[in-house]
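Below is one structure, written out as structure tokens; the observations come after it.
All of the numbers you see were taken from the coordinates with simple rules; none came from a lab. Just so we're clear, the structure is a prediction, and the values are computed from it rather than from any experiment. Don't worry about glycine lacking a Cβ; one is built from the backbone with ideal geometry, like all the others, and counts go over all protein chains shown.
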Amino acid sequence: MVDRGAALGRRIIDNVDRVIVGKREVTELVLVALLCEGHILVEDVPGVGKTTLARSVARSLGGLFRRIQFTPDLLPSDISGITFFNQKLGEFQFRPGPVFANILLADEINRATPRTQSALLEAMEERTVTVEGDTMPLPRPFLVLATENPVELEGTFPLPEAQLDRFLLRLDVGYPNEDEEAEMLERYQLASPLDTLTQVASLDDLQAVAQIARRVHVDDDLRRYVVEITRATRTHDAVQLGVSPRGTLALFRAAQARATLRGRDYVLPDDIKAMSRSVLVHRLILSPEARLRGRDARQIVDDVVTATRVPVEQL
């Protein structure tokens, strides 16, 4: 059954690679989030392909894609939708907002007010939207891919810890290397490859593989390994607030999903190590002293993983 997961991953990653040059690992992380029914925070500069990546994955799966440009005047109803009176029918009707999608790109989420940002909380956690007392389910799968610009911080509203903790992964797309950028110019010379990108899998395929991922075996020692890593962040001298239990579960699920995409029905320590940065970094709050000294949360996570004993199979 795990062969089905590996095959699905290859089809989608190969398809997206036709559009996004040299970002196969980033695409794999998006698939990990989809299999875990999690969400992604992308902190990167404009123009590296965040929107194109989200569109490419949605089109590869035949899913519904929507984009919201977050601005200070954006209202919660602009996200969830509104109820209006239809004069022709003589009744109230609900007009769904862009949140009713399979992949929602929340562009520059930190430019909206905290009240508007919080409108996504119920959708991200409960997969439902409540408007005027009526609760409506969102499509499945449902992935929020939120972006932040790490350069322009003027006029922004930093995401609170409670909202950051609801993102399964934090990642950056990064610049392509010289050869990849040259290949991009060749591919886009006549037209965008996204215009002709075809569907290579279905949402039902993805949901079936997600169920397979949940059944991937995790040895008891590896469960303890995950717990030891996350608990170590709570006692680190440079960390004011460590990883929550939600983060522990996120690392566990992400390792299962990665193993599935790699064609295995069991988790290896390398799966846990590979996912640790993307899952844990944004959940740490460094102490004031650590911030003054320029400590980096990514390096702290790396140090914790390195210092945690890796389980060894007893022969």
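Restricting to DSSP H runs of at least four residues, report the calculated mean residue ellipticity at 222 nm for the chain, -39500 (n - 2.57) per run over all residues, nearest 500 deg cm²/dmol.
Details: 14 runs with 144 residues, N = 315.
Helix-only estimate at 222 nm: -13500 deg cm²/dmol.
Could you line up HIS217, HIS236 from fewest to most neighbouring Cβ atoms inside 10 Å?
Details: HIS217 11, HIS236 18.
With the sparsest Cβ surroundings first, the list reads HIS217, HIS236.
Please list, by residue number, every one of the GluC sites (Glu not before Pro) in the range 126-175 that is coil in DSSP and has at most 11 other beta-carbon atoms within 10 Å. Present the calculation step by step, with values, prior to reporting the outcome.
Values: sites: GLU126, GLU132, GLU148, GLU152, GLU154, GLU161; in loops: GLU132, GLU152, GLU154.
Qualifying residues, ordered by number: GLU132, GLU154.
Which residues does a label at TYR266 reach in the range 282-315, if reach means a backbone N under 16 Å from a point 7 Å past the Cα toward the Cβ?
It comes to 311-315, nothing else.
Going by alpha carbons, how many degrees (0 to 90, nearest 10) lie between the helix axis of 24-36 and the longest principal axis of the chain?
Between the helix axis and the principal axis of the chain, the angle is about 80 degrees.
Does the range 114-219 come out rounded, prolate or oblate by the C-alpha gyration tensor, with a ≥ b ≥ c the root eigenvalues, rounded set by a/c under 1.5 and, if not, prolate when a/b is larger than b/c and oblate if not? Walk me through the numbers before you get to the answer.
On the way: a/c = 1.79, a/b = 1.25, b/c = 1.43.
The shape class here is oblate.
Note the angle between two axes, namely the Cα long axis of helix 2-17 and the longest principal axis of the Cα atoms of the chain, as a number of degrees from 0 to 90, rounded to the nearest 10.
60 degrees
Only Cα pairs under 8 Å and at least 6 apart count here; give the relative contact order of the chain as a rounded whole percent. Please report the intermediate quantities before stating the final value.
On the way: 529 pairs, mean separation 73.5, N = 315.
Once normalised by length, the contact order is 23 percent.
Decide, for the chain, between rounded, prolate and oblate: order the square roots of the alpha carbon gyration tensor eigenvalues as a ≥ b ≥ c, take rounded if a/c falls under 1.5, and otherwise choose prolate if a/b is larger than b/c, else oblate.
Working: a/c = 1.44, a/b = 1.25, b/c = 1.15.
Rounded is the answer for the chain, as its axis ratio a/c remains below 1.5.
Return a whole-number percent for the relative contact order of the range 216-307, with Cα pairs under 8 Å and 6 or more residues apart as the contact set.
Details: 110 pairs, mean separation 32.2, N = 92.
Relative contact order here is 35 percent.
Looking at the chain, identify the longest residue range that excludes and avoids all trypsin sites (Lys or Arg not before Pro) in DSSP loops having at most 13 other Cβ atoms within 10 Å. Working shown, then result.
On the way: sites that count: LYS88, ARG215, ARG293, ARG309.
No qualifying site falls inside 89-214, the longest such stretch.
Fully extended, how many nm does the chain gain between LEU249 and THR306 (0.36 nm per residue separation, minus their Cα-Cα distance)? The partial results should precede the final answer.
On the way: separation 57, 0.36 × 57 = 20.52 nm, distance 2.00 nm.
Gain in length upon complete extension: 18.5 nm.
Net charge within 11 Å of LEU105 by Cβ-Cβ distance, Lys/Arg positive one each and Asp/Glu negative one each, not counting LEU105 itself? Provide the component values of the computation, followed by the final result.
Working: positive: LYS50, ARG55, ARG66, ARG67; negative: ASP107, GLU108.
So the environment of LEU105 carries a net charge of +2.
Please work out the ratio of the alpha-carbon Rg of the range 216-307 to 2.2 N^0.38 Å and round it to two decimals. Display every interim value, and only then the final one.
On the way: Rg = 13.4 Å, N = 92, 2.2 N^0.38 = 12.3 Å.
Expressed relative to 2.2 N^0.38 Å, the Cα Rg reads 1.10.
Under a Cβ-Cβ cut-off of 14 Å, what is the net charge of the residues other than ALA213 that fall near it, where Lys and Arg count +1 and Asp and Glu count -1?
On the way: positive: ARG4, ARG214, ARG215, ARG253, ARG258, ARG262, ARG264; negative: ASP3, GLU28, GLU37, ASP205, ASP265, ASP271.
Cβ neighbours under 14 Å give a net charge of +1.
Show which lysines lie in cross-link reach of LYS23 when reach means a straight Cα distance below 18 angstrom and same-chain residues fewer than eight apart are skipped.
Hits, sequence-local ones excluded: LYS50.
If all Cα-Cα distances of the range 57-113 are sorted into 10 Å bins from 0 onward, what percent lands in each bin, rounded to whole numbers?
Computed distribution, short to long bins: 22, 38, 28, 11, 0.
Starting from the range 218-315, pick out the GluC sites (Glu not before Pro) whose DSSP state is loop and whose Cβ has at most 10 other Cβ atoms within 10 Å. Display every interim value, and only then the final one.
Working: sites: GLU228, GLU289, GLU313; in loops: GLU313.
Sparse-neighbourhood loop GluC sites (Glu not before Pro): GLU313.
Please work out how much length the chain gains when fully extended from GLU132 to ASP3, using 0.36 nm per residue of separation minus the C-alpha to C-alpha distance, in nm with one decimal.
On the way: separation 129, 0.36 × 129 = 46.44 nm, distance 4.53 nm.
Here the answer is 41.9 nm.
In what sequence do LEU121, LEU104 fall when counting other Cβ within 10 Å, fewest first?
Values: LEU121 13, LEU104 28.
Ascending Cβ contact count within 10 Å gives the list LEU121, LEU104.
If you stretched the chain out fully between GLN69 and GLU154, how much longer would it get, using 0.36 nm times the residue separation minus the C-alpha to C-alpha distance? Don't jump to the answer; show the numbers that get you there.
Values: separation 85, 0.36 × 85 = 30.60 nm, distance 1.67 nm.
Separation in residues times 0.36 nm, less the Cα-Cα distance, equals 28.9 nm.
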